[in-house]
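Each remark here refers to the structure printed beneath this line.
The values are calculated or read from the model by the stated rules, or taken from the named source; none is laboratory data. Predicted model, so just to flag it, every value in this text is computed and none were measured. With ideal geometry, Cβ positions are generated from the backbone for all residues, glycine too; neighbour counts draw on all protein chains shown. Surface areas here come from the heavy atoms of the whole protein model, side chains and all, with no ligands, DNA or RNA. Shrake-Rupley method; radii C 1.70, N 1.55, O 1.52, S 1.80 Å.
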Amino acid sequence: QVQLAESGGGLVQAGGSLRISCAASGSIAAQNAMGWHRQAPGKQRELVSLITTGGDIKYADSVKGRFTISRDNAKNTIYLEMSSLKPEDTAVYYCCLAYDLSVMAGYSDYDFWGQGTQVTVSS
(Lines give C-alpha, C1' and ligand atoms only; values in the text may rest on other atoms or scores of the structure.)
Protein backbone atom coordinates (compact mmCIF):
# COMPACT_ATOMS: atom_id res chain seq x y z
CA GLN A 1 0.00 0.00 0.00
CA VAL A 2 1.13 3.55 -0.72
CA GLN A 3 0.56 6.54 1.51
CA LEU A 4 0.74 10.15 0.35
CA ALA A 5 1.38 12.83 2.96
CA GLU A 6 0.93 16.48 2.02
CA SER A 7 2.41 19.37 3.95
CA GLY A 8 2.98 23.09 3.66
CA GLY A 9 -0.48 24.50 3.16
CA GLY A 10 -1.59 27.68 4.88
CA LEU A 11 -2.81 31.23 4.58
CA VAL A 12 -1.09 33.71 2.28
CA GLN A 13 -1.95 37.12 0.88
CA ALA A 14 -2.72 37.62 -2.78
CA GLY A 15 0.48 38.03 -4.76
CA GLY A 16 2.41 35.94 -2.27
CA SER A 17 4.12 32.57 -2.55
CA LEU A 18 3.76 29.20 -0.90
CA ARG A 19 5.33 25.78 -1.30
CA ILE A 20 3.51 22.54 -0.67
CA SER A 21 5.06 19.08 -0.58
CA CYS A 22 3.90 15.50 -0.88
CA ALA A 23 5.91 12.53 0.31
CA ALA A 24 5.00 9.05 -0.88
CA SER A 25 5.78 6.05 1.27
CA GLY A 26 5.26 2.32 0.96
CA SER A 27 5.82 0.01 -1.97
CA ILE A 28 6.07 2.42 -4.88
CA ALA A 29 6.65 1.44 -8.50
CA ALA A 30 9.84 2.90 -9.95
CA GLN A 31 7.95 4.55 -12.82
CA ASN A 32 5.05 6.77 -11.87
CA ALA A 33 3.42 10.14 -12.19
CA MET A 34 2.73 12.28 -9.16
CA GLY A 35 0.99 15.57 -8.95
CA TRP A 36 -1.66 17.82 -7.58
CA HIS A 37 -5.34 18.39 -7.97
CA ARG A 38 -7.34 21.01 -6.12
CA GLN A 39 -10.94 21.44 -5.08
CA ALA A 40 -12.51 24.73 -4.11
CA PRO A 41 -15.80 24.89 -2.19
CA GLY A 42 -18.72 24.13 -4.45
CA LYS A 43 -16.50 23.22 -7.38
CA GLN A 44 -15.26 20.02 -8.96
CA ARG A 45 -11.77 18.73 -8.32
CA GLU A 46 -9.42 19.90 -11.06
CA LEU A 47 -5.94 19.03 -12.20
CA VAL A 48 -3.20 21.47 -11.24
CA SER A 49 0.03 19.79 -12.30
CA LEU A 50 1.67 16.41 -12.86
CA ILE A 51 5.27 15.23 -13.09
CA THR A 52 6.63 11.82 -14.02
CA THR A 53 9.71 10.08 -12.68
CA GLY A 54 11.27 10.85 -16.06
CA GLY A 55 10.61 14.57 -15.67
CA ASP A 56 7.68 15.09 -18.02
CA ILE A 57 5.49 17.88 -16.70
CA LYS A 58 1.94 19.05 -17.25
CA TYR A 59 0.25 22.20 -15.94
CA ALA A 60 -3.31 23.46 -15.99
CA ASP A 61 -3.60 26.62 -18.08
CA SER A 62 -4.75 28.53 -15.00
CA VAL A 63 -1.42 28.03 -13.20
CA LYS A 64 1.10 28.11 -16.05
CA GLY A 65 3.82 30.67 -15.41
CA ARG A 66 2.91 30.93 -11.72
CA PHE A 67 3.32 27.39 -10.35
CA THR A 68 6.36 25.14 -10.63
CA ILE A 69 6.30 21.43 -9.91
CA SER A 70 9.43 19.43 -9.12
CA ARG A 71 10.33 16.10 -7.61
CA ASP A 72 13.06 14.29 -5.78
CA ASN A 73 12.86 10.70 -6.98
CA ALA A 74 15.23 9.45 -4.28
CA LYS A 75 12.82 10.75 -1.64
CA ASN A 76 9.61 9.96 -3.54
CA THR A 77 8.63 13.54 -2.87
CA ILE A 78 7.13 16.22 -5.05
CA TYR A 79 6.96 19.95 -4.51
CA LEU A 80 4.68 22.67 -5.83
CA GLU A 81 6.07 26.18 -5.72
CA MET A 82 3.17 28.59 -6.05
CA SER A 83 3.77 32.26 -6.74
CA SER A 84 1.64 35.26 -7.70
CA LEU A 85 -1.15 33.57 -5.81
CA LYS A 86 -4.72 34.71 -6.39
CA PRO A 87 -7.82 34.32 -4.23
CA GLU A 88 -9.15 31.89 -6.85
CA ASP A 89 -6.26 29.56 -6.03
CA THR A 90 -7.90 28.95 -2.65
CA ALA A 91 -8.70 25.27 -2.40
CA VAL A 92 -7.80 21.98 -0.80
CA TYR A 93 -4.81 20.65 -2.71
CA TYR A 94 -4.68 16.87 -3.07
CA CYS A 95 -1.58 14.89 -3.93
CA CYS A 96 -2.06 12.00 -6.34
CA LEU A 97 0.00 9.17 -7.77
CA ALA A 98 -0.55 7.06 -10.87
CA TYR A 99 1.37 4.11 -12.26
CA ASP A 100 -0.11 4.38 -15.77
CA LEU A 101 1.69 7.31 -17.40
CA SER A 102 -1.16 7.83 -19.87
CA VAL A 103 -2.61 9.82 -16.99
CA MET A 104 -0.52 12.67 -18.38
CA ALA A 105 -2.83 12.72 -21.39
CA GLY A 106 -5.93 12.19 -19.28
CA TYR A 107 -6.40 8.60 -20.44
CA SER A 108 -6.20 6.83 -17.10
CA ASP A 109 -7.05 7.28 -13.46
CA TYR A 110 -5.00 7.73 -10.32
CA ASP A 111 -4.03 4.90 -8.02
CA PHE A 112 -3.56 6.79 -4.77
CA TRP A 113 -4.65 10.06 -3.19
CA GLY A 114 -3.54 12.05 -0.20
CA GLN A 115 -5.81 13.60 2.42
CA GLY A 116 -5.31 17.13 1.14
CA THR A 117 -3.83 20.36 2.45
CA GLN A 118 -5.68 23.66 2.63
CA VAL A 119 -4.33 26.66 0.74
CA THR A 120 -6.09 29.94 1.40
CA VAL A 121 -5.25 33.14 -0.47
CA SER A 122 -6.66 36.31 1.03
CA SER A 123 -7.41 39.37 -1.07
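At-a-glance table
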| read-out | value |
| --- | --- |
| Isolated Cys in the chain, by beta carbon distance under 4.7 Å | Cys96 |
| For the chain: accessible area per residue (Å², 1.4 Å) | 50 Å² |
| Protection proxy ranking, peptides 50-61, 29-40, average beta carbon neighbours within 10 Å, highest first | 29-40, 50-61 |
| Dipole axis of the chain (+1 Lys, Arg; -1 Asp, Glu on Cβ), positive-most option in Met82, Gly35, Gly114 | Met82 |
| Nearby aspartates and glutamates by direct alpha-carbon distance to Lys43 (threshold 20 angstrom, same-chain neighbours under 8 apart not counted) | Asp61, Glu88, Asp89, Asp109 |
| Heavy-atom accessible surface of region 36-123: percent carbon and sulfur, 1.4 Å | 46 percent |
| Overall Cα dimensions of region 29-110, principal axis frame, Å, largest first | 36, 23, 19 |
| Inter-part distance where region 69-103 and region 48-67 are each reduced to a Cα centre, Å | 8 Å |
| Long-range Cα-Cα pairs in region 1-74 (distance over 17 Å), rounded percent | 53 percent |
